[in-house]
Structure formats: structure tokens, C-alpha cells
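Got a structure here, written out as C-alpha cells. Questions coming.
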Amino acid sequence: MDAVPARARGYVTGVALLAALCLLRLPATPTPWAASLLLAALYASCEHVVHRRFGGPFYPVLLAGAFLLPPAAAALVPVPAGLLSPVEHRPTLPRRVWRAARPALAVWGAARVHGALGGRDAVVHPDFPYALLPAGAAVLAFCLVLTALDGGLRAAAGLVPPRRAWRGLLARSLAAVAVHGLAGLMMAVLWRSPYGPVSALLVLLPMCVSWWVFAQYHRERAAHQATIRALVQAVDIKDGYTRGHSERVGQASVLIARELGMDDDRVEVLRFAGILHDVGKLGVPTRLLRKDGPLTPEERRIIELHPEYGHEMVRGISFLGEARAAILHHHERLDGTGYPYGLAGAQIPECARIVAVADAFDAMTSTRSYSRARPVEAAIAELERCAGAHFDPRMVTALVRALRRSGWHPAVTADEPAYGTPPAERASRTGAPR
């Protein structure tokens, strides 16, 4: 919604008045106007280039102002950028006022703390590591003010219940702002050095490069997620009786991978593998997936091709890594009676053995239109009974340990049909591999 609620407008007005009170001391404060105006122009440029192009806040210049300037002058630095920046949604005035007043209060608080701890002397005559203490305290104050203001706005706008408005805000911002604070401290020290402000600007170059790399990584990750979502939605549309199954298999695969102590990158790959394990169903005729009658041996053979279809579909998607092998081999069995290639034991890739257990567990514990969910304990007992012949005992044990710790919450994954269960689906659960 573009409209700003009345309570939120009142809150923004109050924040703006507090920021104005901070600025009122400017005439009575010895202010290095040249440094203040240069930092304000630099911050406005960074906001336009970095924030608008790459997204996310960019605070090194603001924190350098907190380390270099009196509090009132430091509070002035973000005001021009906030008031003059373009606004995408109406009404523009309260949004611009918020963008100016919020960082002004935060940098004012940081400058007060930094000055109270003798930080300006540490900047003029750098004495490391002692200079890090007032800088660290200033960064913490900066984050606390931002957290307080952001949580208050969320509560005033009714975005979340008041008791949850501040939850997690400080933890999410502290690490990133600490890095910006270190860059700001480097800027301030170089600014006061014989090399002057020009040398301080050099600190921003590696920061901008790292920010660009970080933004590219997140854009690439978002593109990966969009690719996965599109494929999964296509499968769900085609085979509505297993809607939601793919996501839960991904979650169960993550539980197993984490229990086995795999690193985060492999855990993410296993999540992709679980989510996409049935993508090959897109290559199976819909009439077979929803056939109103038992499957013939020939039709079963066609359905058994879906792992190969899935592997062909994702073969060119490089970020999936070993997930492609899981998609191809998740129906193999440890005793060699599975498909598509009849691999046995260690011939089956580890990722495929994980997805096989996750797939079977979710199939047993999910309520669907053609079968009721088994209790988790009954599903575990069945997995343990088949361990060694069908499933890898190590993967079964890992899933059981994870479930004992975190539990499992099965859910209905398909709408109830108006006319009963398709016999083909019933047959697929009593012998026909799907």
C-alpha cells in the first residue's frame, strides 16, 4: 500500500522533530563546515550509486562523520541525501523526511558516544588497538538507534504486533554495520593524516567493489531460486496429487545432510536435490500420471524414465552440482533392484541415497487424496525395516536422530477429489514405481 497510516505519519513527525533538535545546536557548535559539506555530498553520491544500483545501506561515510565531526554536524551529513533522494511510492514527503531523520539520529548518537569515550583524540593521534574501543561503542550506538527507530515504525504502521516489532533487527544489522564502521574509522584516520581527505576516499573503492560482488552474489542466488520455483511449480501443476511434496523432501534432505555434518554449500545443494527430485515428471505424459485405471508394465516403464528426464532437464544448470546425480539416481536401491540403472551399494551417489530416504519418509507421512498419513514413528519403523536393502542405514539413522531433535509436521498436499482416488495413483503406491 502506498498510503502511510496516520499513526506512522505521527511517528515519523516525532522522529523528525528529534532530528531537528539535534541540528539546532549547529550555530552554537564549532563546526568544520568544509568537512561537513564534503561528507554530505560524498554520502549523497554513495547513496545514489551504491544504494540505488546494488541495494542495501552504505554507512562508511556516515560513520566517518561520526568519528570526525561534532554530533550536530555529523547529524547534518545524511540530511541532504534523504531529502533529495528519489521516492518510488507516494506520499513522498513523509518518506523523504524518514530517510533524512532516521540516519541523522543514528549518527548523532554514534558521534556522542564516540566523543564521550575520547574517540576524536584517538583519530587525530591514532593509537591502535585502543582507537577501536570508542569506534566499536559508536557502531553499537548507531545500530541501537536504528533498531529502536525501525522497530517503532513497524509497530506504528501495524506491520507486525508491537511485541515482535524489534525482534531480530539488531542481530541482523550489527555485523554489516561493524564492517562499515571499520571502513569509516579508516576514512577518519586518513582524513586527519598528512595525506588529507583525498586519501580517505581511497577507502571507499574496495568497499564499493566488495559491495558490488556481494550484490552480484545475491542477484545470482535470487535467479537460482526463481529457476527452482518455476520448475517446482510446473511439476505441481502437472501432478497435483503430490503438491508440496518437493519442498518437504528438500527440508528432510537438509535435516539428513546437517546431521551428517556436511558443510553449508553441500546442504544447500541437497536442498536443491530434494526440491527437484521429481522434475522429470514434466516429461511423463499427464494421462499416465492421472490415469483412471491400473498401470500396464509398459506404462510403468515410461514412468520409470522420469529420473532420466529430470537429469536431462537440469544437466546444463551448473549451480546444481551433485544435485543432478541425486535427481538421476534417487530411485536406486541399495540391493540393486532400483531404477534407472540398477546401481547397488556405494555405486549410488551419496546425495541420491539421502534424497531417497527423504522422499520415502515424506511420502509415508503426508496426507494425500489417495492415502492417509502414517504416524512418524510408523514411518521411521518402515525406513528402519528397509534399511540395508532399500535404503542406506546411515541416512536412515541420521534422519531418525534429526527427527528426534526437531520433530516433523506432515501436511495435506493435495485437494480432496470429488470422485475418489484415481486407480493409477493407488497402484503407484502399491507396487508401481513413480
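The values are calculated or read from the model by the stated rules, or taken from the named source; none is laboratory data. What you see is a predicted model, and the numbers here were worked out from it, not measured in a lab. No Cβ is skipped: glycine too gets one built from the backbone with ideal geometry, and neighbour counts run over all protein chains shown. The area values use the complete protein model at the heavy-atom level, side chains included, leaving out ligands, DNA and RNA. Shrake-Rupley method; radii C 1.70, N 1.55, O 1.52, S 1.80 Å.
Using a 1.4 Å probe on the protein heavy atoms, what percent of the accessible area of region 189-325 belongs to carbon and sulfur?
Numbers: 4120 of 6920 Å².
Using a 1.4 Å probe with all protein chains present, region 189-325 comes out at 60 percent carbon and sulfur.
Over all alpha-carbon pairs in region 147-189, figure out the percentage whose distance exceeds 11 Å. Before the final figure, lay out each step's value.
Values: 601 of 903 pairs.
Of all Cα-Cα distances in region 147-189, 67 percent exceed 11 Å.
Taking the C-alpha atoms of region 233-370, how large are the radius of gyration and the largest Cα-Cα span, Dmax, in Å?
14.5, 45
Arranged from highest to lowest average of other beta-carbon atoms within 10 Å per residue, in what order do the peptides 148-156, 75-83 appear?
75-83, 148-156
Do me a favour and compute the ellipsoid semi-axes for region 283-350 from its Cα gyration tensor, root of five times each eigenvalue, largest one first, whole Å.
Over the Cα atoms of region 283-350, the semi-axes work out to 24, 17, 7 Å.
Going by Cα centres, region 111-166 and region 314-328 are how many Å apart?
Between the Cα centres of region 111-166 and region 314-328 lies a distance of 45 Å.
Right, something else. Probe radius 1.4 Å, ligands and nucleic acids left out: which of V198, V87, V107 has the largest accessible area, and how do the rest follow?
V198, V87, V107
Quick one: the Cα spread of region 18-87 along its three principal axes, in angstroms, biggest first?
38, 22, 16
Please state, rounded to one decimal and in Å, the Kirkwood hydrodynamic radius that region 114-264 gives when every pair of distinct Cα atoms enters the mean of 1/r.
One over the average 1/r among Cα pairs gives 20.0 Å for region 114-264.
Which is farthest toward the positive dipole end of region 147-227 among M207, A178, A156, measuring Cα position about the Cα centre, with Cβ charges +1 (Lys, Arg) and -1 (Asp, Glu)?
Result: A156, furthest along the dipole toward the positive end.
Report, as a whole number in µm² per second, the diffusion coefficient that Stokes-Einstein gives for the chain at 4 °C and 1.567 mPa s using the Kirkwood radius over alpha carbon pairs.
Reported coefficient: 50 µm²/s.
Find the accessible area per residue for region 147-268; the probe is 1.4 Å, ligands and nucleic acids are left out, and the unit is Å². If you can, show how the numbers build up before the last one.
Numbers: 6580 Å² over 122 residues.
Spelled out: the 1.4 Å probe surface of region 147-268, per residue, equals 54 Å².
Roughly to the nearest percent, how much of the accessible area of region 1-121 is carbon and sulfur, given a 1.4 Å probe?
Carbon and sulfur atoms account for 65 percent of the accessible area of region 1-121.
Highest mean first, what order results for 128-136, 173-181, 65-73 on Cβ atoms within 10 Å?
Result, highest mean Cβ count within 10 Å first: 65-73, 173-181, 128-136.
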